[in-house]
Each structure stands twice: as structure tokens, then as C-alpha cells.
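All remarks here apply to the structure that follows.
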Amino acid sequence: MLGTGTPNADPERSGPSVAIVVNDTPYLVDFGPGVVRRAAAAFNAGVKGLEVKNLNRAFVTHLHSDHTAGYPDLILTPWVLERRSPLEVYGPKGINAMTRLITKAYREDIEIRLHGGEPSNKTGFRVISHEIKPGVVYRDKSVTVKAFRVDHGSWPEAYGYRFETSDRTIVISGDCRPSRSVIDNCNGCDVLVHEVYSKAGFARRPVEWQRYHSRYHTSATELAELASRAKPALLVLYHQLYWGTSDDDLLKEVQAAYPGKVVSGRDLGIY
Ligand SMILES: [Zn+2]
Ligand SMILES: [Zn+2]
């Protein structure tokens, strides 16, 4: 977990981003604010695949700002730190325009670094973005990545991802209310990383926010029911909305109706 946060500016929880590291190659899912520094912290803690200049592949679940505010950081910082290969990004409709406009916004910086005397490489700032459809969106010798639609309120396109590797299958829900596609894609997977909000915290929210959260997100109670059907070997709570509750409270809410193995994800946790 590079970041397990939400739009709430919790200093302990960086913006949402998960790194699947296979054979020392990192595959990022989302790039919330803080993504590059959290990758550097993981590298310093011994995850050698997360050296900053190795960050060259990312999959975006949806275009909410908490999941994408680290995009310019991911484009530019690894390049300055000598990433030579272009960044490859896969995501929903709109990712191409976002990519083009961010690159345009940083044109002055890119020009100076390319032509102002900095010993920069001339390739690593480039981004190749792909607007995806459900199904297999990426494959190499280490992983096959499948994208599937999830229900995230009014978003026309929001995705979850299933990573198949030689030893484990990992499913990431993205942001969503309970979605049948998560159950079908996990279906006994090794690790299910799922977003969640506290039911007790929710009860204290203003009614107009309750209306919003229940259309866009998944409560601990709903997640317990979903996980009972998806049957992951390990459930990792992610993108947790606490609203005054603790990790223990959240775990208790899930465990009240789910007997499987579950942990509450934390930044720099390895699962
Ligand atoms: Zn979010
Ligand atoms: Zn969202």
C-alpha cells in the first residue's frame, strides 16, 4: 500500500495508490497525492522494485481527484530522477485528455529541463495513455491485468482491476458501492483490496452526505456480505472512511458478519 487515504487530508494516509510488485517490477493502481514519496519510502524499507525511476506503469480506477492528484508528480519526478522509459497509463475515458492537459500545464518546466542545461534524458517525461474497455488491458511475462466495471455513483466509467501473477491473484475494487463484478472477478482470489466506510461513522454524517456515500461507496456491513460471496484468502480494507472510528472498530464491523481473514490496510503495509 503506497497510500490508503481518501480526500480527507490525514497526514498518516497518503492519497490512494497500491503497488503490485512482481519480479521487482511495480504496477501501480491509482496515483493519489504523495505517490512518489511513498514509493521512495517503500524502496528505503527494502522493496527494491519501487525505486522511483522504475515507476513506469499505472492503472487508473477512475478520475476522482483523490486518485489522480499525484499524476504530475508521477509523470515528472521519476523523469527528473532518470527514468528513461515513458510512463504507460491505462484508465477510463478522459485519461487521454487529462494526460494531454497536465503535460501542457507543465510545458515550461519540461522545456527548461530539456533545453536549459539540465543533463536530462529526452524520453522519460513522455506519457503513453490508453483508454480501456473491460477485459484484458495489459499482459507481459509477469502479469495479466483485467479491468472490470464497478458502480461508483454517477461516474460513467469506474474500474476495478484483477492482477494474475504466477503465484497470486489480486483484485482491487477501486471506489464503488457493492458491485457484483468484484465478486465475480475475485471468486476465491488470494487478495481482495476493497474500499470501505464505517457504518457507525456513517450514522453520524449529515443526511445529504449519507445519500452520497451510500450511492458511491461500500459500508463495512455491505463489504462483509460481499466478501462472504467473493471468498478471498485475505481481505484488505482500503480507502477507509472512519469518521471518528478506529481500525479496530472498522474490523469489528466487518467481522460481525464475515469470518474470513481481514486486515485494515495502512500506508507502506505489505500484504
Ligand atoms: Zn476515492
Ligand atoms: Zn471515487
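The values are calculated or read from the model by the stated rules, or taken from the named source; none is laboratory data. Because the structure is predicted, anything quoted here is derived from the model rather than measured. Because the Cβ atoms are built from the backbone with ideal geometry, glycine has one as well, and the counts that use them run over all protein chains shown. Keep in mind that these areas ignore ligands, DNA and RNA; they rest on the heavy atoms of the full protein, side chains included. Shrake-Rupley method; radii C 1.70, N 1.55, O 1.52, S 1.80 Å.
Go through (1) buried (at least 20 other Cβ atoms within 10 Å of the Cβ); (2) in contact with a helix residue (DSSP H, G or I) (Cβ under 8 Å, 6 or more places away or on another chain) for residue 130 and report which single condition fails.
Residue 130 satisfies every listed condition except (1).
For residues in segment 35-90 being among the charged types (D, E, K, R) and within 13 Å of residue 15 (Cβ to Cβ), which is surrounded by the most Cβ atoms within 10 Å (Cβ to Cβ)?
Across segment 35-90, the extreme among qualifying residues is 38.
With the requirement that a residue be more than 15 Å from the chain's Cα centre (by Cα), over 16 Å from residue 228 (Cβ atoms) and surrounded by 24 or more Cβ atoms within 10 Å (Cβ to Cβ), what does segment 139-197 give you?
Residue satisfying the conditions is 197 alone.
Quick test of your reading of the structure: residue 66 fulfils all but one of (1) among the charged types (D, E, K, R); (2) outside any helix (DSSP H, G or I); (3) under 20 Å from residue 16 (Cβ atoms). Name the failing condition by number.
It is condition (2) that residue 66 fails.
Between residues in segment 141-163 that are at negative phi and residues that are aromatic (Phe, Trp, Tyr) and within 14 Å of ligand 1 (Cβ to nearest atom), which pairs lie under 6 Å by C-beta distance while being six or more apart or on different chains?
Pairs found: 147/159; 152/216.
Can you tell me which residue is farthest from ligand 2 (Cβ to nearest atom) among those in segment 244-261 that are open to solvent by less than 50 Å² (accessible area, probe 1.4 Å) and either touching a residue at least 24 places away in the same chain (Cβ under 8 Å) or touching a His at 6+ places or on another chain (Cβ under 7 Å) (or both)?
This residue is 260.
Evaluate segment 210-232: report whether one residue or more is open to solvent by 50 Å² or more (accessible area, probe 1.4 Å), closer than 28 Å to residue 10 by Cα, β-branched (Val, Ile, Thr) and free of Cβ contacts under 8 Å to residues at least 12 places away in the same chain.
Within segment 210-232 (the criterion being open to solvent by 50 Å² or more (accessible area, probe 1.4 Å), closer than 28 Å to residue 10 by Cα, β-branched (Val, Ile, Thr) and free of Cβ contacts under 8 Å to residues at least 12 places away in the same chain), the answer is no, since none of the residues qualifies.
Can you list residue pairs whose Cβ atoms sit under 9 Å apart, with the first residue in segment 41-55 being over 14 Å from residue 87 (Cα atoms) and the second being in a helix (DSSP H, G or I) and polar (S, T, N, Q)? Count only pairs 6 or more apart in sequence or on different chains.
Short answer, once both residue conditions are applied: 43/54; 48/54.
Please work out which residue is farthest from ligand 2 (Cβ to nearest atom), limiting yourself to segment 169-181 and to residues that are in contact with a strand residue (DSSP E or B) (Cβ under 6 Å, 6 or more places away or on another chain) and of a type outside the set (Gly, Ala, Ser).
For segment 169-181, the residue satisfying everything is 170.
Of all residues being away from ligand 2 (no atom under 16 Å from the Cβ) and β-branched (Val, Ile, Thr) in segment 12-34, which is most open to solvent (accessible area, probe 1.4 Å)? Just the residue, please.
21
Could you pull out every one of the strands (runs of 3 or more DSSP E) wholly within segment 82-192 that has 2 or more residues that are more than 24 Å from residue 36 (Cα to Cα) and out of contact with any Asp or Glu (no Cβ under 6 Å at 6 or more places or on another chain)?
Filter on segment 82-192 gives 135-139, 144-149.
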